[in-house]
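Engineer: This is the structure, below, for whatever I ask next.
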Amino acid sequence: MIFNSLAFDLRHGGTLLRGESEEIARWLERWEGGRLWFCLAAVFAGAGLFGAALGAWRSPMQALYGGIKVPLVILLTTAGTVLSNAMMAPLLGLDIKFRQSLLVILFSHTIAAIIMGGFSPVLFFVVCNAPPVPTAASASTAGHSIVLLVEVALIAFAGVVANVRLRQLLDRLSGSPPISSRIMFAWLAANLFLGAQISWLMRPFVGSPDLPVEFLRSNAFQGNFYETVFRALMNLFHS
Amino acid sequence: MNEPPVIPPTATPIPAATGLGLQRPDPPLGEVESDRQPITSLVAAIEAVLREPRRVLYQLTQPHQGRLTRDLVLVTLVSSAIYGFVVGTFSGGQQLMAAPVKIAGGLLLSALICLPSLYIFSCVSGAKVRLGEVCGLFAAFLALMTILLIGFAPVAWVFSQSTASVTVMGALHLIFWFIATCFGIRLLEHGFHHHGTQGGMMRIWTLIFLLVAMQMTTALRPIVGTAPTLLPTTKQFFIAHWLEPFQQSDESSKTNAPFQAGQEK
């Protein structure tokens, strides 16, 4: 049953990418389990492939970890902000139900994950051609930098497209650009705030060349993303 | 008296012809009788790609377009192998076999790497297109590109027999490849235009494809010259590889030039 509906929904993957707001708004009117499964499967497949390609530069084990962790970052961020996002939407002028706000954000994350999945062969090709992980401390870290830069560019592209589609959908649902702007800003702030911290906890994704391959760093739960940034800024000013 | 002058009605602008040198209105695919002529053989496919691209684009939207896509892929492989053989004549020996395999295989691999992102970009650009149709359009793009390369092959062969510089030959093949790719890209954009793409998003994909293909030539080096091993033992980005000849003294030869990687694709 699940697989039948999944196969049905796979045909609608293009609808999300094209941002067909009318059709997507219709999906939101009634709850369909198949659509939720499709989103989850797309996030796991797309973001998983991307994470695996990213980790492959370091080692096969890092690829496996990356394949698990990147989808988890997306889904944990979605789960962690779903309550606040659902509450903020009516407060800011868009009267949608809890499940509708969940689906809207999940659709946006699904778009990003599908795009990341589409880019994963390109990323893997870059990783295969990047200079290998340096073994000596003095060795060049150009490969690490290249992989990081390409990764950031691809994720940024996926994020921009997903947010453009989210904005179009919010415009349609609210019928008012100022309202959709406020909601977009609030949701983005919440997602970025939590997403940055979850990504920090889940590190490493590429892995610094001088640190071992691990699923999570041994000090993962010591400190947080913002403390680290703050300390880095302090060091910059005091140096 | 004092009546405002009559403003003549503005002529309805003719939709811009898109690509392929079309200087006349570009009606929807299938509206012209010649578009609907089936393409039944490899020769017909080659001829249609060069002379009747609209026919190819229309046939690729039809239910049984898989056969045409397969024919176009076959044309691509054969054409690129032929061009690869001409590339191999520069060094001779095992390069006569290695260059065709590397060029055809590298092109196919580049296509496979870029196909998922092409589908993503086409959807994001608003195209209502199935994955099968994207495969067909991509195959048409590759077929046109490689057929044009065959057209350049005699020129490349003449140069390969008269110069010993790997750098010169690499640059020449690269120029031919860029020209052929430009025509291919125009066909691809024309095809996606008929599927409803909007904006310049597809240009980003074009850039990705170019980068992947150029890196592929470095990953599969040597293609133009020769080296102790058939495939490289070190990883290198194509820009760094291409700059090597300019950083070293001009001692390039067919056997030990730093510009050994094939730049010809």
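Engineer: If you take the residues in segment B:228-242 that are part of a loop (DSSP other than H, G, I, E, B) and within 12 Å of another protein chain (Cβ to nearest Cβ), which one is surrounded by the most Cβ atoms within 10 Å (Cβ to Cβ)?
Structural biologist: Within segment B:228-242, the subset part of a loop (DSSP other than H, G, I, E, B) is B:228-237.
Remaining after also requiring within 12 Å of another protein chain (Cβ to nearest Cβ): B:232-237.
On the way: B:Pro232: 17, B:Thr233: 7, B:Thr234: 7, B:Lys235: 13, B:Gln236: 18, B:Phe237: 20.
In this case the residue turns out to be B:Phe237.
Engineer: Which of (1) assigned to a helix (DSSP H, G or I); (2) of a type in the set (A, V, I, L, M); (3) over 30 Å from B:Met214 (Cβ atoms) is the odd one out, the single condition B:Ile39 does not satisfy?
Structural biologist: (1)
Engineer: Look through A:Arg30, A:Arg35 and report the one residue that is more than 14 Å from chain B (Cβ to nearest Cβ), farther than 26 Å from A:Leu194 by Cβ and modelled with pLDDT under 90. Don't jump to the end; show me each part of the working.
Structural biologist: Working: A:Arg35 fails: farther than 26 Å from A:Leu194 by Cβ.
Result of the check over A:Arg30, A:Arg35: A:Arg30.
Engineer: Follow-up. Which numbered condition in (1) surrounded by 19 or more Cβ atoms within 10 Å (Cβ to Cβ); (2) out of contact with any helix residue (DSSP H, G or I) (no Cβ under 7 Å at 6 or more places or on another chain); (3) over 28 Å from A:Glu20 (Cα atoms) is the only one that A:Val126 fails?
Structural biologist: (2)
Engineer: If you take just the helices (runs of 4 or more DSSP H) that sit entirely in segment A:18-98, which of them hold at least 3 residues that are of a type in the set (Phe, Trp, Tyr) and within 23 Å of A:Val164 (Cα to Cα)?
Structural biologist: Answer list for segment A:18-98: A:33-55.
Engineer: Here's a follow-up. Give the residues of segment B:198-227 that are part of a loop (DSSP other than H, G, I, E, B) and away from chain A (no Cβ under 13 Å), sorted by residue number.
Structural biologist: Initial filter on segment B:198-227 (part of a loop (DSSP other than H, G, I, E, B)): B:198-200, B:220-227.
Within segment B:198-227, B:Gly200, B:Pro222, B:Ile223, B:Val224, B:Gly225, B:Thr226, B:Ala227 meet the criteria.
Engineer: Here's something else I'd like to know. Check B:Val101, B:Val129, B:Val73, B:Val87 and return the single one that is away from chain A (no Cβ under 14 Å) and touching a Cys at 6+ places or on another chain (Cβ under 9 Å).
Structural biologist: B:Val73
Engineer: Can you tell me how many residues within segment A:151-192 are in contact with a Ser or Thr (Cβ under 6 Å, 6 or more places away or on another chain) and free of Cβ contacts under 8 Å to residues at least 60 places away in the same chain? Spell out the reasoning first.
Structural biologist: Going residue by residue through segment A:151-192, those that are in contact with a Ser or Thr (Cβ under 6 Å, 6 or more places away or on another chain) are A:162, A:166, A:168-172, A:174, A:180, A:190-191.
Subset that is free of Cβ contacts under 8 Å to residues at least 60 places away in the same chain: A:162.
The number of residues fulfilling the criteria is 1.
Engineer: Let me ask you something else. Among A:Gly93, A:Gly14, which is the only one that is over 30 Å from B:Thr197 (Cα atoms) and surrounded by fewer than 21 Cβ atoms within 10 Å (Cβ to Cβ)? Steps first, please.
Structural biologist: Numbers: A:Gly14 fails: over 30 Å from B:Thr197 (Cα atoms).
Criteria check complete, one pass: A:Gly93.
Engineer: So, one more: Considering only residues that are away from chain B (no Cβ under 14 Å) and at pLDDT below 90, look in segment A:103-138 and name the one that is nearest to A:Gly55 (Cα to Cα).
Structural biologist: A:Thr135
Engineer: In addition: Restricting attention to segment A:180-239, report how many residues are among the hydrophobic types (A, V, I, L, M, F, W, C), outside any helix (DSSP H, G or I), in contact with a helix residue (DSSP H, G or I) (Cβ under 9 Å, 6 or more places away or on another chain) and closer than 17 Å to A:Leu148 by Cβ. I'd like the intermediate steps shown before the answer.
Structural biologist: Start the filter on segment A:180-239 by keeping residues that are among the hydrophobic types (A, V, I, L, M, F, W, C), which leaves A:183-190, A:192-194, A:196, A:198, A:200-202, A:205-206, A:211, A:213, A:215-216, A:220-221, A:225, A:229-230, A:232-234, A:236-237.
Those left that are additionally outside any helix (DSSP H, G or I): A:202, A:205-206, A:211, A:213, A:215-216, A:220-221.
From the residues that got through so far, the ones that are in contact with a helix residue (DSSP H, G or I) (Cβ under 9 Å, 6 or more places away or on another chain) too are A:202, A:205-206, A:213, A:215-216, A:220-221.
Subset that is closer than 17 Å to A:Leu148 by Cβ: A:202, A:205-206, A:213.
So the answer is 4.
Engineer: A:Val82: crowded, with 24+ Cβ neighbours inside 10 Å and within 20 Å of A:Ser199 (Cα to Cα), yes or no? Steps first, please.
Structural biologist: Values: crowded, with 24+ Cβ neighbours inside 10 Å: no; within 20 Å of A:Ser199 (Cα to Cα): yes.
Judged against the criteria, A:Val82 is not a match.
Engineer: Tell me, which residue of segment A:151-169 that is among the aliphatic types (A, V, I, L, M) and crowded, with 18+ Cβ neighbours inside 10 Å is nearest to the other protein chains (Cβ to nearest Cβ)? Write out each step before concluding.
Structural biologist: Going through segment A:151-169, the residues among the aliphatic types (A, V, I, L, M) turn out to be A:152-156, A:158, A:160-162, A:164, A:166, A:169.
Then drop every residue that is not crowded, with 18+ Cβ neighbours inside 10 Å, which leaves A:154-155, A:158, A:161-162, A:166, A:169.
On the way: A:Leu154: 9, A:Ile155: 14, A:Ala158: 9, A:Val161: 6, A:Ala162: 10, A:Leu166: 13, A:Leu169: 14 Å.
Filtering first and then ranking leaves A:Val161.
The values are calculated or read from the model by the stated rules, or taken from the named source; none is laboratory data. The structure displayed is predicted, hence computed values, not measured ones. All Cβ positions, glycine included, derive from the backbone under ideal geometry; neighbour counts span all protein chains shown.
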